Amino acid sequence: MAQTKLNDVTKVFTEDDGNEIVAVDEVSIDIDDGEFLVLVGPSGCGKSTTLRMVAGLESISSGEISLDDRVINDIPAKNRDIAMVFQSYALYPHMTVRENMSFGLEESTDMPDDEIDERVEETAEMMGIEELLDRKPGELSGGQQQRVALGRAIVRDPSVFLMDEPLSNLDAKLRAEMRTELQRLQEELDTTTVYVTHDQTEAMTMGDRVAILNDGTLQQVGTPLDCYHRPANLFVAGFVGEPSMNFIDTDLHSEADETILQADLFDYSISDEIATKVSDSSDPVLGIRPEDIGISEDPPSDKHDVAATIDVIEPMGDENIVYLQFDSEDSSREAESIIATIGGMRQFESGQTVTAHIPEDAIHLFHGETGEALHNRRLETAESQAPQL
Ligand code: ATP
C-alpha cells in the first residue's frame with residue numbers, strides 16, 4: 001500500500017519534425033493509500049501516458065511523482081514496487097501459467113523457491129485459476145488469460161497496481177463479471193490501484209474516485225456521483241452519463257421582476273437565487289439530464305413546460321429513449337432536439353405533440369465562454385433536508 005502523488009506532472013513528446021505534443025499538462029492528483037482511482041477520458045487525452053509515467057515506462061518532462069513522500073521520478077521501473085496489468089495481458093507464450101506468475105518474483109526478489117510456489121498457489125486459488133497452472137497461455141481463453149495477468153500482478157504484492165484498460169478485450173458479459181470481481185479483489189487486498197479506461201460505465205461503477213482528463217488536462221477528481229451530479233464544467237457534464245446531458249445555448253435577460261434564459265425556441269424563467277450565480281455570463285449554457293425531463297400529454301401549464309414533438313423513440317425495455325424537438329413557428333429556424341428517458345411501459349408515438357417539463361431544481365448552468373459550472377442541480381441529501389438552524 002502506498003500513497004501516490006502526482007504534482008504538476010507534464011509529458012511533452014517531440015516528434016521527428018520537432019513538433020511538440022503536450023500529452024499530459026500539469027496534472028496533480030493525490031491518490032490515497034488503498035484507494036481505487038479510475039483515470040478516464042476520451043481517446044488521446046493522456047491516460048496511458050500518465051499511467052506509464054507512474055510505472056516508470058515513460059520519462060517525466062516536468063513535475064514530480066512520489067510514493068509515500070519519496071520522489072520516484074528517477075527510480076527505474078523495476079525498483080518502484082509497482083505492478084502493471086495491460087490490455088494485451090503480455091503473458092510469456094512459452095511459459096506455463098505457474099512460470100508466468102513466478103517469473104517476476106524470481107527476477108526481482110531473493111525469495112526462496114518454496115515460498116514463491118506457495119504464493120503462486122495461494123494467488124491462483126484466489127483468482128480461481130489453480131487448475132490452469134500447468135497450461136500455456138495459448139491454451140487459455142481470453143478471460144482466463146486476463147485472470148493470469150491479474151494473478152501475476154497480485155502475486156508480487158506491490159505497493160501500487162496500475163491497470164491499463166485490462167478488461168477491454170473481454171466480451172460484455174465477462175467484462176461485467178470481471179468488473180465486480182476486480183472491485184472485490186481490490187477491496188480484499190487494499191492495494192492502491194490506478195485504473196485507466198475510456199469506458200465511463202467502468203469509471204462510474206469501479207472507482208472510489210474518478211479523475212477525468214481531456215486534452216492532457218485534469219478536468220475534475222471526485223467520487224463518481226460527485227462528477228455526475230456536480231460536474232466542474234461542460235466537458236465533465238457531457239462526458240459522464242449515458243445518454244449525455246442535454247445542452248441548450250441561451251442568452252441571459254433580466255427583466256423587472258424576472259430573469260429569463262432565452263433559448264432559440266423557448267424562454268426559461270429562473271429564480272433570483274440561480275440568477276445571482278449566473279450573472280457573470282451573458283450567454284450561459286443550460287444543462288438538463290435526460291432522466292430529469294418529464295413528458296406528458298397535457299398542454300403546457302407551468303412556466304418550465306415547453307411544447308415539443310416526439311421525433312424518434314428508442315425502446316430499451318426498461319426505459320424509452322425519446323428524441324424531442326422544440327418546434328419553431330419560424331420555418332427559417334432549425335428545430336432544436338433534446339433527449340429524454342422515460343419508463344419503458346409508457347406509450348408514445350413519433351410525431352406526437354407533448355409537453356416537456358424541465359424542472360428548475362434539476363438544471364445545471366455553465367459559463368458560455370469558459371464552460372465552468374456556475375450552478376449545479378439541487379440534491380436531495382439527508383443534509384439538505386435537515387432543518388436549517
Ligand atoms: P487511448 O485511450 O486512445 O489509449 P490515451 O488517453 O491513453 O488514449 P495517450 O496514449 O496517453 O492517450 O496519448 C496522449 C497523447 O500523446 C496523444 O495525442 C498521443 O498521440 C500522444 N502520444 C502518445 N505517445 C506518444 C509518443 N511516443 N510520441 C508522440 N506522441 C505520443
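Worth a mention:
- For the range 285-307, the set of residues classified as in a strand (DSSP E or B) and touching an Asp or Glu at 6+ places or on another chain (Cβ under 7 Å) consists of V285 only.
- For A237, the test of being modelled with pLDDT of 95 or more, hydrophobic (A, V, I, L, M, F, W, C), over 15 Å from L39 (Cα atoms) and crowded, with 23+ Cβ neighbours inside 10 Å is passed.
- Any hit, the range 124-145, residues being within 26 Å of the chain's Cα centre (by Cα) and within 30 Å of D25 (Cα to Cα): no
- D226 being out of contact with any Leu (no Cβ under 6 Å at 6 or more places or on another chain) and either closer than 22 Å to A308 by Cα or assigned to a strand (DSSP E or B) (or both): no
- Meets criteria (in contact (Cβ under 8 Å) with a residue 60 or more places away in the chain and touching a strand residue (DSSP E or B) at 6+ places or on another chain (Cβ under 6 Å)) for I313: no
- Residue within the range 195-202 that is crowded, with 19+ Cβ neighbours inside 10 Å and in a loop (DSSP other than H, G, I, E, B) present: no
- Filter result for S254 (among the hydroxyl-bearing types (S, T, Y), surrounded by fewer than 20 Cβ atoms within 10 Å (Cβ to Cβ) and touching a helix residue (DSSP H, G or I) at 6+ places or on another chain (Cβ under 9 Å)): yes
Table: residues versus (1) touching a Pro at 6+ places or on another chain (Cβ under 7 Å); (2) modelled with pLDDT under 85; (3) in a helix (DSSP H, G or I); (4) crowded, with 16+ Cβ neighbours inside 10 Å.
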| position | (1), (2), (3), (4) |
| --- | --- |
| M84 | no, no, no, yes |
| Q87 | yes, yes, no, yes |
| L91 | yes, no, no, yes |
| H94 | no, no, no, no |
| R98 | no, no, yes, yes |
| S102 | no, no, yes, yes |
| D110 | no, yes, no, no |
| E115 | no, no, yes, no |
| V120 | no, no, yes, yes |
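- Of residues in the range 56-74 being more than 16 Å from the ligand (Cβ to nearest atom) and in contact (Cβ under 8 Å) with a residue 60 or more places away in the chain, the one surrounded by the most Cβ atoms within 10 Å (Cβ to Cβ): L67
The values are calculated or read from the model by the stated rules, or taken from the named source; none is laboratory data. Bear in mind the structure is a predicted one, so any value in this text is a computation, not a measurement. Don't worry about glycine lacking a Cβ; one is built from the backbone with ideal geometry, like all the others, and counts go over all protein chains shown.
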